[in-house]
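Asker: Would you mind keeping the following structure in view while I ask a few things?
The values are calculated or read from the model by the stated rules, or taken from the named source; none is laboratory data. This is a predicted model, so every value here is computed, not measured. Cβ placement follows ideal geometry from the backbone for every residue including glycine, while neighbour counts extend to all protein chains displayed.
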Amino acid sequence: MASFTDDGVLLALPPAPPGDSFEMARPRTLSLLTGALLLWVGVTAGWPGPRWRVAERGLEDQLVRLRGARLPPAGLVLVTVDDATLQQGNWFEGSRRIPAWAQGMGSLPWPRATYGQVAEAVLQAGAAAVAINVVFEGPSGKGPADDAAFATVLQSHPGRIALAAEMLESNDTQGAGALTLVRPEAFMTALGGAGPLGLTNILAGTPGQPLRHPEAYARGVLPAQGALGQSALSSTLLRLGGRRSRQHDPGSALNPYGPEGTLQRLPAWEVLDPERWARHPLRPALAGAVVLVGPVVAEGTDGYPTPFGALSGLEVLGTATANSLVGDGLQPWPQEGVSRALLALTPLLLVLAGARLRPALRWRLGLVVLALALQFGAGMVALQAAHRWLPLLTPLTGLVLLGLLYGGDAYVREGQERRRLRRTFERYVAPGVVAEILSDPESAQGILRGRLLEVTVLMTDLKGFTTLTQQRSASGESELHVHQLNEYLGAMVEVVTAHGGTIDKFIGDAVMAVFGSPVSRGVAAEAGQAVRCAMAMRAALADLNADWARRGIATLDNGVGLASGQVMVGQIGSPRRMEFTVIGDTVNLAARLESVTRQVEAAVLFDHATAALLRDDPGLVVSSLGPQAVKSLGEVEVFTAEAGGQTAPVQASR
């Protein structure tokens, strides 16, 4: 099996065993999960469910709060019947002399004539139009004179004062909903017939839905229920003031400017007090303005919910009027479900396309983080500059889930590579060495790809084993022969592993081991351990021979050749069959020296380079056997060793 590393180098590994079907199916699983994620993002963004709309609405409210309060437009003033006005009226009522303008001002409902006085004062100050957010149903409780005084004001300013009407929903005897329009009937004549009326109804906020512009009820809900559409009070006020809405009001949500009191307001008592009003600093601001008059008792604590807290009905109507004036009401974009789904999918598709360029986890997560930042930034810019809601929650959630998918896939891939590397190296080296290699997977990949190392190569071979093989084959003792060979090889492997060597390969009855690959404890230390391993192999064979002799089995003899030098280390072969091995002249020399053991009275021989590395080893006594004829190499000085007075400990663990 072949795979590509992060830097594009082809890395060939042994074929995965049948038990690795999960690893082989991993890319397909990731593709299926990614496809399911894309489907979920598209459907949820285009056609969100009720609970998801609630969550998305919560995110939108957070963005509005993060954006902060805004400066409301000029040309809109609220005249409020607030707590300060009522307290001022109560103070006058407790005094001996009550000014005419303060009579009845200390409690609600106010005399209608008092509303007339407020309207008269702001119109004389230059206001373009006035809307009173109070439904005057039936005759006044203060008597006919109260209605007459208010009607006089209406007649004095025809077409400049808008009154509130209200649509009431009730159940008839059969349980069906009925709509009833409540209007100020006592003043319809003074208004000139139908007159400038405006609905004061506002759609109550529902979970998952923003607070809608009043026209959403007047021009949306009422026609849908078969009722005659009537403009909202805010729209009527703009029309009277010669203004036109700069947006599609029925399709807009309110875009609040801040908490209660953000819009420019005047306490009603300051307008009613002639002396104070004559020198009031805000009086010039009324020139050409549209004015909303109404109660805001308790500062809107029981009003309509917004991201900045509850707003009173008058503040909501003022916000709707200001949104219409500026055209900055909030609207979702795009409107169609399919378009919203495609827009939400765009950042995920871009990340997926970018991830195909490089499989590295750091790159992929970087793309996800960049897409998250850009998506969030685009949402804020659209909110701030264009007053549009972009589908945010769904793509942001999708990007986070995509990042988790990439992280999970990288975790699985890392585990898969570790298992492959472990299977590869455990065939050659001790488990402790495998653990050290796997502690740095990148270095392990470099080991497999190939590199030059200074090592000591050990080659051991049985003497006369070919003749013994022929004899036992002729006598039908093949099973005994194979069993004895495996017993011998098993003992040799244990000795090599105990000394920290790497089993390179078996060549029939020959064993080739390497000290210093794939990791090294130092060139001299590896050479010392290799020579001690050779001596231990001789001792292990002596123990085996003693046991075989007791069992009546022919004994064996071996020779060991060692050579130190530079070799090429790596996986060599075809992609279908690879072998982790070493190649170079050092390997050939070790094999030649093993053959020389048949010519001299020594079972362990090594070259001059190995002898030089053992010069400072106190546990070994090295002696030269002089120049010996080595096949293809001519005369070569060879050395042997025996244990000295201080025996160095075996260093198998790393």
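Let's see how each residue does on (1) surrounded by fewer than 23 Cβ atoms within 10 Å (Cβ to Cβ); (2) modelled with pLDDT of 95 or more; (3) assigned to a strand (DSSP E or B):
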| residue | (1), (2), (3) |
| --- | --- |
| Arg532 | no, yes, no |
| Asp543 | yes, yes, no |
| Ala546 | yes, yes, no |
| Ala563 | no, yes, yes |
| Ile572 | yes, no, yes |
| Arg598 | yes, no, no |
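Asker: If you don't mind, there's one more thing I want to ask. Pairs please, first residue from region 85-100 and β-branched (Val, Ile, Thr), second anywhere and surrounded by 14 or more Cβ atoms within 10 Å (Cβ to Cβ), Cβ atoms under 6 Å, 6+ apart in sequence or on different chains.
Answerer: Thr85/Pro267; Thr85/Ala268; Thr85/Trp269; Ile98/Phe92
Asker: Here is a further query. Please pick out the residue among Leu263, Leu325 that is in a helix (DSSP H, G or I) and either more than 37 Å from the chain's Cα centre (by Cα) or assigned by TED's automatic domain parsing to the domain that holds Thr85 (or both).
Answerer: From the options Leu263, Leu325, the qualifying one is Leu325.
Asker: State whether one or more residues within region 128-147 are surrounded by 14 or more Cβ atoms within 10 Å (Cβ to Cβ) and part of a helix (DSSP H, G or I).
Answerer: yes
Asker: For region 590-608, what are the residues that are under 12 Å from Ser623 (Cβ atoms) and touching a Lys or Arg at 6+ places or on another chain (Cβ under 8 Å)?
Answerer: If the condition is that a residue be under 12 Å from Ser623 (Cβ atoms) and touching a Lys or Arg at 6+ places or on another chain (Cβ under 8 Å), then Val604 is the only one that fits.
Asker: Now a separate question. Exactly one of these conditions fails for Val338: (1) among the β-branched types (Val, Ile, Thr); (2) closer than 25 Å to His387 by Cα; (3) surrounded by 15 or more Cβ atoms within 10 Å (Cβ to Cβ). Give me its number.
Answerer: Going through (1) among the β-branched types (Val, Ile, Thr); (2) closer than 25 Å to His387 by Cα; (3) surrounded by 15 or more Cβ atoms within 10 Å (Cβ to Cβ) one by one, Val338 breaks only (3).
Asker: Something else about it: Can you go through Ala474, Ala435, Ala410 and tell me which one is surrounded by fewer than 20 Cβ atoms within 10 Å (Cβ to Cβ) and at pLDDT 90 or above?
Answerer: Going through Ala474, Ala435, Ala410 in turn, the sole match is Ala474.
Asker: Among the listed residues Ala253, Ala310, Ala289, which satisfies the condition of being buried (at least 16 other Cβ atoms within 10 Å of the Cβ), of a type in the set (Gly, Ala, Ser) and more than 39 Å from the chain's Cα centre (by Cα)?
Answerer: Matching residue, one of Ala253, Ala310, Ala289: Ala289.
Asker: Here's another thing I want to ask about it. Check whether at least one residue in region 577-585 is over 60 Å from the mean Cα position of the chain (by Cα), without any contact (Cβ under 8 Å) to a residue 60 or more places away in the chain and assigned by TED's automatic domain parsing to the domain that holds Asp461, and report yes or no.
Answerer: There is no residue in region 577-585 that is over 60 Å from the mean Cα position of the chain (by Cα), without any contact (Cβ under 8 Å) to a residue 60 or more places away in the chain and assigned by TED's automatic domain parsing to the domain that holds Asp461.
Asker: Regarding Asp61, is this residue out of contact with any Leu (no Cβ under 8 Å at 6 or more places or on another chain) and surrounded by 20 or more Cβ atoms within 10 Å (Cβ to Cβ)?
Answerer: Criteria not met by Asp61.
Asker: Moving on. Being crowded, with 16+ Cβ neighbours inside 10 Å, among the β-branched types (Val, Ile, Thr) and under 60 Å from the mean Cα position of the chain (by Cα) narrows it down to one of Val118, Val153, so name that one.
Answerer: Answer to the check: Val118.
Asker: Looking at region 248-276, which of the residues that are of a type in the set (A, V, I, L, M, F, W, C) and in contact with a Leu (Cβ under 9 Å, 6 or more places away or on another chain) is nearest to Arg65 (Cα to Cα)?
Answerer: Leu254
Asker: Can you tell me which residue is surrounded by the fewest Cβ atoms within 10 Å (Cβ to Cβ) among those in region 221-241 that are in a helix (DSSP H, G or I) and either modelled with pLDDT under 80 or not assigned by TED's automatic domain parsing to the domain that holds Ala128 (or both)?
Answerer: Ala224
Asker: Let me ask you something else. Does Val316 qualify as being part of a helix (DSSP H, G or I), crowded, with 19+ Cβ neighbours inside 10 Å, of a type in the set (Val, Ile, Thr) and over 29 Å from the mean Cα position of the chain (by Cα)?
Answerer: So Val316 passes the test.
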